[in-house]
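Working notes, beginning with the structure itself.
What follows draws every value from the coordinates through simple rules; no lab data is involved. Nothing here was measured: the structure is a model prediction, and the numbers come from that model. Methodologically, a virtual Cβ is constructed for each residue, glycine included, from the backbone with ideal geometry; neighbour enumeration extends over all protein chains shown.
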Amino acid sequence: MEARAVAKYVRISPLKVRQVTAMIAGRPVTEAQAVLRFAPSRSAQAVAKVLNSAVANAENNYELNRDDLIVSRAVVDKGPSTKRLQTRARGRADVIIKRSSHITVVVAEKE
């Protein structure tokens, strides 16, 4: 049995979030939560929120035990990017791209 949670349009670059999701994929849920709690990254907070939501979905919707869950998949997809202009010298402009992410976490029972 699997339970999943998705956070869309999170205003963090997908590259930064993928670094964090690589740390938790395949780990037990309690260990993954501990890793995210002490990870020195802003994206760890967003991933922890999605992980907690996936665990709550597993407990409430499928009556799974929290201690038997592992993080089977943690996927980060690219969301839409907003483009902003920053003025530069001599009448020029630079384009600043503000990237966003879609974070998906799937938890499943241990075999």
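Here are a few things to note about the model shown:
- Backbone geometry of segment 79-85 corresponds, through the Karplus equation with coefficients 6.51, -1.76 and 1.60 at θ = phi - 60°, to 3J(HN,Hα) couplings of x, x, 10, 9, 10, 10, 9 Hz, x marking Gly and Pro.
- Calculated on the Cα set of the chain, radius of gyration then Dmax: 17.1, 64 Å.
- Options VAL95, SER43, VAL106, ranked by Cα towards positive dipole end of the chain, top entry (Cβ charges): VAL95
- The chain - charge dipole about Cα centre, Lys and Arg +1 at Cβ, Asp and Glu -1, debye rounded to 20: 1340
- Taking amide H as placed 1.01 Å from N in the peptide plane, GLY79 has its amide H under 5 Å from the amide H of SER100, SER101, HIS102, each at least 5 places away in sequence or on another chain.
- Scaling the Cα radius of gyration of segment 39-86 by the globular reference 2.2 N^0.38 Å produces a ratio of 1.60.
- The label-point distance for ALA93 and ASP77, in a model that sets each label 7 Å from Cα toward Cβ, rounds to 3.1 nm.
- Once the C-beta distance of ARG11 and ASN61 is scaled by a Förster radius of 35 Å, the resulting FRET efficiency is 0.80 to the nearest 0.05.
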